[in-house]
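J.: Below you'll find the structure I mean.
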Amino acid sequence: MSLIKRNETGWLPSVFDDMFRTDWLGGTTNVNSIGTSIPAVNIMETEDSFNVEVAAPGMTKEDFNIELDNDVLTISSEDKKENETTDKNGRFTRKEFSYSTFKRAFSLPDSVDSAKISASYNNGVLEIALPKKEEAKVQAKRLIDIS
C-alpha cells in the first residue's frame, strides 16, 4: 500500500497531471478545482486496523457525508455561505457568497471488516477507523510440531 503524493508546483503538464491524481489503494480525488478544497489525509496501518485522518478545521461532524459502497469509502462535504449588506432602502450594496466542496474516495482492501468501520470528529480532524478482519491480522509466531 502506498500514498501517492501530488506535486503542486506545476512541473507536469496538465495532460499528464490528471493521470497522477490517484490516491491510496486506487482512490481518486476531485479533479475539478473550482470551489473545491481537498483536505490533507493521513493514513496509518497498524496490526489491527487502518486509520484515516482528514484535516478539516472549522467544520462540524454534521458537515461530512461518509459512505461505503462496494468496498469504496467516500468522504465528502459541501459548504455554502452567504453574507448580505444592505443600505437603508433595502437594496443590496454588496452580497457575497461562497461554495466549497470536496470528495475523496478510497478503495478498501479485502482485509477491512466493513461492518466495524467507525468515525469521529475531534479538534478539526475527522478520524475513520477501518478495523481489519481477524484472519488478516498479524498472527503471533508459533512452533509447529512435526508428527
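J.: Can you tell me which residue within the stretch 58-72, out of those that are open to solvent by 90 Å² or more (accessible area, probe 1.4 Å) and touching a strand residue (DSSP E or B) at 6+ places or on another chain (Cβ under 8 Å), is modelled with the highest pLDDT?
T.: Filtering the stretch 58-72 for residues that are open to solvent by 90 Å² or more (accessible area, probe 1.4 Å) and touching a strand residue (DSSP E or B) at 6+ places or on another chain (Cβ under 8 Å), the one modelled with the highest pLDDT comes out as GLU67.
J.: Step by step: first the residues of the stretch 124-145, then only those that are assigned to a loop (DSSP other than H, G, I, E, B) and either touching a residue at least 60 places away in the same chain (Cβ under 8 Å) or of a type in the set (Asp, Glu) (or both), then the one that is most open to solvent (accessible area, probe 1.4 Å). Which residue is that?
T.: At the first step, the residues of the stretch 124-145 found to be assigned to a loop (DSSP other than H, G, I, E, B) are 124, 133, 137-145.
Still in the running and either touching a residue at least 60 places away in the same chain (Cβ under 8 Å) or of a type in the set (Asp, Glu) (or both): 124, 137-138, 145.
Working: GLY124: 12, LYS137: 48, VAL138: 101, ASP145: 142 Å².
Residue satisfying both the conditions and the ranking: ASP145.
So that you can scan it fast, the table gives a plain yes or no per residue for (1) among the aromatic types (Phe, Trp, Tyr); (2) within 14 Å of ILE128 (Cα to Cα); (3) assigned to a strand (DSSP E or B); (4) touching a residue at least 40 places away in the same chain (Cβ under 8 Å):
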site	(1), (2), (3), (4)
ILE38	no, no, no, yes
ILE43	no, yes, yes, yes
GLU47	no, no, no, yes
PHE50	yes, yes, yes, yes
VAL54	no, yes, yes, yes
GLY58	no, no, no, yes
GLU67	no, yes, yes, no
THR74	no, yes, yes, no
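J.: Now for a separate question. In the stretch 101-121, how many residues are under 15 Å from the mean Cα position of the chain (by Cα) and assigned to a strand (DSSP E or B)?
T.: Of the residues in that region, 11 qualify.
The values are calculated or read from the model by the stated rules, or taken from the named source; none is laboratory data. Here the structure is a predicted model, which is why all the values come from computation and not from measurement. Note that we place each Cβ from the backbone using ideal geometry, even for glycine, and neighbour counts take in every protein chain shown. For accessibility, only protein heavy atoms count, side chains too; no ligands or nucleic acids. Shrake-Rupley method; radii C 1.70, N 1.55, O 1.52, S 1.80 Å.
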